[in-house]
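This report concerns only the one structure given below.
Nothing in this text is a laboratory measurement; each read-out follows from the coordinates by a stated rule. It should be emphasised that the depicted structure is a prediction, and the values quoted were computed from it without experimental measurement. Neighbour counts run over all protein chains shown; Cβ positions are idealised from the backbone, glycine included.
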Amino acid sequence: MLILQQKMTEEFIKEFISQCIHRIDENTNRLITCLDEVEESETWKRPNENSNSVGNLVLHLCGNIRQYVISSLGNSDDVREREKEFSADGGYTKSELLQKLLVTLDEAKNTILGASSDELLRKRKVQGYTYSGIGIIVHVTEHYSYHTGQIVFWTKILRNKDLGFYAGVDLNIKNEVRPR
C-alpha cells in the first residue's frame with residue numbers, strides 16, 4: 001500500500017510540474033508574440049503614471065521568477081532589486097529583454113524539474129510570505145500568467161488587433177462527458 005501511495009504521489013507531482021511548465025511555456029510564446037508586435041520605441045511606454053511598460057513587466061517577471069524559484073526553491077542567494085524593475089525607463093532592447101527572460105525561465109524550469117520531494121514540501125519565507133516549494137511553483141505560474149495578460153492587453157491596445165493565440169482552435173467544442 002505504501003509503495004502504491006508513493007507512486008501516486010510521484011505521478012501527481014510529475015503531472016503538476018508538467019502542467020505548470022506547460023502554462024509557463026504557453027505564456028512565453030504569448031510574450032514573444034507581443035514583443036514582436038510592439039515597436040522598439042513602445043517597449044518602455046507606460047499607459048499612464050500608475051501602470052508599467054512592457055519593459056518594466058518583463059524585468060519584474062525576471063526578478064520575481066529569480067527570487068521565488070531560482071533563489072528560494074533552488075537555495076541560492078536572493079539578489080533581487082525589485083525597485084529597479086519598476087523604475088527602469090530603458091536600458092534594454094526588446095531582444096535583450098527577451099533573452100534575459102528566456103535565460104531566467106530556463107534556469108527556473110531546470111530548478112523546478114530538479115527539486116526533490118522534500119524541497120517541494122519544505123516551507124520557506126519569500127518576500128515575507130511562507131510557501132512550500134509547491135506554493136512557489138503555483139505563485140510563479142500564476143504571477144507569470146497575470147503579467148502576461150497585462151502585456152497582451154497593452155499590446156492589443158497599441159496594435160488594435162487580435163494576436164491570434166487561438167487561431168484555428170474551435171473554442172466552442174463541448175466537453176466530453178465521462179461515462180458513469
Just to be sure I understand the filter: pairs with C-beta atoms under 8 Å, separated by 6 or more residues or on different chains, first member in segment 30-47 and in contact (Cβ under 8 Å) with a residue 12 or more places away in the chain, second member assigned to a helix (DSSP H, G or I) and loosely packed, with under 14 Cβ neighbours inside 10 Å. Which pairs pass?
P47/I157
For segment 113-160, what are the residues that are part of a helix (DSSP H, G or I), touching a helix residue (DSSP H, G or I) at 6+ places or on another chain (Cβ under 8 Å) and of a type in the set (K, R)?
R159
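Conditions (1) exposed (fewer than 15 other Cβ atoms within 10 Å of the Cβ); (2) not basic (K, R), marked per residue:
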{"site": "A108", "(1), (2)": "no, yes"}
{"site": "Q127", "(1), (2)": "yes, yes"}
{"site": "T130", "(1), (2)": "yes, yes"}
{"site": "V152", "(1), (2)": "no, yes"}
{"site": "R159", "(1), (2)": "yes, no"}
Search result, residues across segment 1-40 that are more than 30 Å from T155 (Cβ to Cβ) and charged (D, E, K, R):
K7, E10, E11, K14, E15
Being free of Cβ contacts under 8 Å to residues at least 24 places away in the same chain, over 29 Å from T33 (Cα atoms) and either touching an Asp or Glu at 6+ places or on another chain (Cβ under 8 Å) or not polar (S, T, N, Q) (or both) is the filter here, so list the residues in segment 125-149 that pass it.
K125, G128, Y129
Filter result (touching a residue at least 24 places away in the same chain (Cβ under 8 Å), under 28 Å from K14 (Cβ atoms) and of a type outside the set (K, R)) within segment 94-109:
L101, L102, T104, L105, E107, A108
Those residues of segment 58-93 which are β-branched (V, I, T), assigned to a loop (DSSP other than H, G, I, E, B) and either without any contact (Cβ under 8 Å) to a residue 24 or more places away in the chain or buried (at least 21 other Cβ atoms within 10 Å of the Cβ) (or both), in sequence order
V79
